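*Asks:* Below: one structure in structure tokens.
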Amino acid sequence: MEKAITQFKYNRYSSKYILNLWENADKESNIVTIESESEGFSIDIDGHKSIDSNLVIDFLSNIKEFDNTVQKFTHDTYIKGNYEIRNYIVSLEWISFEKNEVVLGYWGEFVNIELRAIFNLKDGIWKNIDIYYQ
């Protein structure tokens with residue numbers, strides 16, 4: 001059973017579902033939480049008030065691909081590493097929209113670790129700038 005629980009999770013966010021949660025969220029607060037008990041996630045989103053709302057929508061519509069980029073990074077790090085797989089598995093906890101970039105914040109599912117993934121939009125294309133454990 002342990003093996004089924006400790007696997008890297010690809011394609012876990014449906015863009016349509018995430019966008020629906022975002023559309024129906026109360027965006028008056030500085031931090032908006034979108035969550036799904038059935039899908040098992042809760043993501044805090046901040047910085048949305050200081051940028052164009054179309055940028056937020058564009059980013060969230062690609063959330064599956066961004067998360068898959070992070071999952072590939074953690075998988076590759078695990079392959080090169082010396083620790084059990086559970087030391088590398090992370091879940092998306094927050095998204096911060098800043099002037100020129102978007103930061104995804106992840107926490108370890110089994111161990112106390114943090115990971116950051118930074119993306120920016122240049123010439124209409126989202127690019128991964130950096131991914132690192134803290």
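*Asks:* Accessible surface of ASP46 in the full protein assembly, 1.4 angstrom probe, to the nearest 10 Å²?
*Replies:* My reading of the accessible area for ASP46 is about 50 Å².
*Asks:* Computed from the mean reciprocal separation of all distinct C-alpha pairs, what Kirkwood hydrodynamic radius does the chain have, in Å?
*Replies:* Across the chain, the inverse of the average 1/r is 15.5 Å.
*Asks:* Lys and Arg at +1, Asp and Glu at -1: add these up for the other residues within a Cβ distance under 11 Å of GLY40 and post the number.
*Replies:* Residues close to GLY40 contribute a combined charge of -2.
*Asks:* Could you identify which residue out of TYR17, TYR88, TYR106 has the top mean-square fluctuation in a GNM of the chain using Cα springs shorter than 10 Å?
*Replies:* With Cα springs under 10 Å in the chain, the top fluctuation among TYR17, TYR88, TYR106 is at TYR17.
*Asks:* Within the stretch 55-130, which trypsin sites (Lys or Arg not before Pro) sit in a loop by DSSP and count at most 14 neighbouring Cβ atoms inside 10 Å?
*Replies:* Loop-located and lightly packed - LYS99.
*Asks:* Please list, in order along the stretch 42-57, the HN-Hα scalar couplings obtained from phi with the Karplus expression 6.51 cos²θ - 1.76 cosθ + 1.60 (θ = phi - 60°), rounded to whole Hz, x for Gly and Pro.
*Replies:* Values, residue by residue: 9, 10, 8, 10, 10, x, 5, 6, 9, 9, 4, 4, 5, 5, 4, 4 Hz.
The values are calculated or read from the model by the stated rules, or taken from the named source; none is laboratory data. Note that the structure is predicted; figures quoted are calculated from it, not measured. Glycine gets a Cβ as well: all are built from the backbone with ideal geometry, and neighbour counts include every protein chain shown. For accessibility, only protein heavy atoms count, side chains too; no ligands or nucleic acids. Shrake-Rupley method; radii C 1.70, N 1.55, O 1.52, S 1.80 Å.
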